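Engineer: This is the structure I want to talk about, given as structure tokens.
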Amino acid sequence: MLLELDGLPRPIAFVGCDDVARHLRRVMRGCRMREDGTRSLYALLITVEKSPRGFRLASPWRARPAGYDNRVDTVCGIIVDLIKGVIAAEPSLLCLHCAAVEFNRRLVVFPSHYKAGKSLLAVGLAAAGLRIFADDVLPIDGCGNRGVAPGFLPRLRLPLPDDSDRALTDYVDEYATLRNRRYLYVDVGDAGLAPRGATAPIGAFVLLRREDGAKASLTPVKQSEMLKRVVLRNFAHDVRSAELVERLHGLVATAGCYRLRYSHLGDAVDLLERAFDDWPEPQAARPVTSTTGPVTGRRGRLARTAGITERRVDDEMFLIDGHGEAIYHLNATSAAIWRLLAEPMNRKAVVEALRRAFPDVAARRIGRDVGAVLDDLTKRRLIGGGPALKKRR
């Protein structure tokens, strides 16, 4: 069986495992899937075939085919590759590891790391009558700040936490669809899941921190901290770093930025509903960007490398290399040294400047810290110097 999906240039082939195709259909919403048995096998995007040990999955994004021993894990693997196929077909898309839920026609995005509880929170919000846009991966269009629903049912990791709310576990049990020992897909229905291709503007980013015994609270987060988090959660590698920071900062600067602390999921759901029931329009912030000039270091002096772009967010600094391929975040010490090197200086002068700025810190520690920072900036080719530096290498 060959399945063609809207938005993807080539079909998926299911060889001896039509039941896996049927399982895939069960977890997708808003996507037309056409069966076709006539296309050449040389024009496939993904191939899934029955094997003696289970199922074999091959795609352009895998160095070698992956093997799975059950249908649910195979469907999970197909979805991973479908997301990569969507990004490849639309190179302008950003793509964040996050959950996203719609409140009053805007998205609250939860950019969180692996096993942070974002999928469980999304399902809890769906049980409360809200609509999930994504529980793991959210594409963001290339023209603005709109999230694009991938159209996959939320997937929970099993077992659920021991302290899960009874109302949530009852909801999950009632609407469970595909499951195995590790994963469970929850059919939240058409009202609870945005169909594939639906879009909505991003209104807020919320970091998750679940702590035993914590009272549910929602507190503001600095834009610089949120930008660091969303940069780390992005995996659309075809977008150049300079454009990536520009676009992500634009999103963060025009959205609310918060941290949600909670212990019980029900309390977190109630708090989010109250907080975003009638939220005000966030205020836009003007980005601050500058580009460094060429290296002008004389013998033995260090200076900034030409073409490095700065992005200052709050009181923190991000650097983008001249090729637009890498992003560097500077901590307070690194940023202070970077500012000093606006004019060429040797290492001794940098140390002396910081000793005057921090007289209560031991001179030996300052010298050690400065040396480590300068070595790191040099290694990353963010600073350079004259013949004396080259001789030292």
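Engineer: Please work out if Tyr183 is in contact with a Cys (Cβ under 7 Å, 6 or more places away or on another chain) and at pLDDT 95 or above.
Structural biologist: So Tyr183 fits the description; yes.
Engineer: Suppose we filter region 149-168 for residues that are more than 21 Å from the chain's Cα centre (by Cα) and free of Cβ contacts under 8 Å to residues at least 40 places away in the same chain; how many remain?
Structural biologist: Within region 149-168, residues that are more than 21 Å from the chain's Cα centre (by Cα) and free of Cβ contacts under 8 Å to residues at least 40 places away in the same chain number 4.
Engineer: Which members of region 121-134 meet the condition of being within 17 Å of Ile79 (Cβ to Cβ) and modelled with pLDDT under 95?
Structural biologist: Listed by number, the list is empty, since nothing qualifies.
Engineer: Pull up region 32-55, narrow it to residues that are in contact with a Lys or Arg (Cβ under 8 Å, 6 or more places away or on another chain) and buried (at least 19 other Cβ atoms within 10 Å of the Cβ), then point me to the one that is modelled with the lowest pLDDT.
Structural biologist: So, considering only residues that are in contact with a Lys or Arg (Cβ under 8 Å, 6 or more places away or on another chain) and buried (at least 19 other Cβ atoms within 10 Å of the Cβ), the one modelled with the lowest pLDDT is Leu45.
For (1) open to solvent by less than 30 Å² (accessible area, probe 1.4 Å); (2) assigned to a loop (DSSP other than H, G, I, E, B); (3) under 30 Å from Leu248 (Cβ atoms); (4) in contact with a Phe, Trp or Tyr (Cβ under 9 Å, 6 or more places away or on another chain), each residue gets a yes or a no:
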residue	(1), (2), (3), (4)
Ser119	yes, no, yes, no
Val123	yes, no, yes, yes
Ala126	yes, no, yes, yes
Gly129	no, yes, no, no
Asp163	no, yes, no, no
Ala167	no, no, no, no
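Engineer: If you don't mind, another one. Are any residues in region 64-99 open to solvent by 60 Å² or more (accessible area, probe 1.4 Å) and in a helix (DSSP H, G or I), and if so, which ones?
Structural biologist: Within region 64-99, Arg71, Val80, Lys84 qualify.
Engineer: Would you check if there is a residue in region 184-203 being within 17 Å of the chain's Cα centre (by Cα), under 20 Å from Cys98 (Cα atoms), touching a residue at least 12 places away in the same chain (Cβ under 8 Å) and surrounded by 19 or more Cβ atoms within 10 Å (Cβ to Cβ)?
Structural biologist: Scanning region 184-203, I find at least one residue that is within 17 Å of the chain's Cα centre (by Cα), under 20 Å from Cys98 (Cα atoms), touching a residue at least 12 places away in the same chain (Cβ under 8 Å) and surrounded by 19 or more Cβ atoms within 10 Å (Cβ to Cβ), so the answer is yes.
Engineer: Scan region 133-142 and give yes if some residue there is within 17 Å of the chain's Cα centre (by Cα), on the phi < 0 side of the Ramachandran plot, assigned to a loop (DSSP other than H, G, I, E, B) and small (Gly, Ala, Ser), otherwise no.
Structural biologist: Applying the first criterion (within 17 Å of the chain's Cα centre (by Cα)) to region 133-142 yields 133-142.
Narrowing the set further to residues that are on the phi < 0 side of the Ramachandran plot leaves 133-142.
Retained after the next criterion (residues that are assigned to a loop (DSSP other than H, G, I, E, B)): 135-136, 141-142.
From what is left, the residues that are small (Gly, Ala, Ser) are 142.
Checking region 133-142: at least one residue is within 17 Å of the chain's Cα centre (by Cα), on the phi < 0 side of the Ramachandran plot, assigned to a loop (DSSP other than H, G, I, E, B) and small (Gly, Ala, Ser).
Engineer: So is Leu93 in contact with a Gly (Cβ under 9 Å, 6 or more places away or on another chain) and modelled with pLDDT of 80 or more or not?
Structural biologist: yes
Engineer: Could you check region 169-183 and list, in sequence order, the residues that are touching a residue at least 60 places away in the same chain (Cβ under 8 Å) and open to solvent by 40 Å² or more (accessible area, probe 1.4 Å)?
Structural biologist: Scanning region 169-183 gives Arg179, Arg182.
Engineer: Answer yes or no: is there a residue in region 6-26 that is in contact (Cβ under 8 Å) with a residue 60 or more places away in the chain, within 30 Å of Gly129 (Cα to Cα), under 28 Å from the mean Cα position of the chain (by Cα) and open to solvent by less than 30 Å² (accessible area, probe 1.4 Å).
Structural biologist: no
Engineer: Suppose we filter region 204-225 for residues that are open to solvent by less than 30 Å² (accessible area, probe 1.4 Å) and over 21 Å from Ala275 (Cβ atoms); how many remain?
Structural biologist: Final tally of qualifying residues: 1.
Engineer: What number of residues within region 334-368 are open to solvent by 60 Å² or more (accessible area, probe 1.4 Å) and either acidic (Asp, Glu) or in a strand (DSSP E or B) (or both)?
Structural biologist: Number satisfying all stated conditions: 3.
The values are calculated or read from the model by the stated rules, or taken from the named source; none is laboratory data. Remember, predicted model here, so these are calculated numbers, not experimental data. When we count neighbours, we look across all protein chains shown, and the Cβ atoms used for this are built from the backbone with ideal geometry, even at glycine. Please note that ligands, DNA and RNA were not included when accessible areas were found on the heavy atoms of the full protein model with its side chains. Shrake-Rupley method; radii C 1.70, N 1.55, O 1.52, S 1.80 Å.
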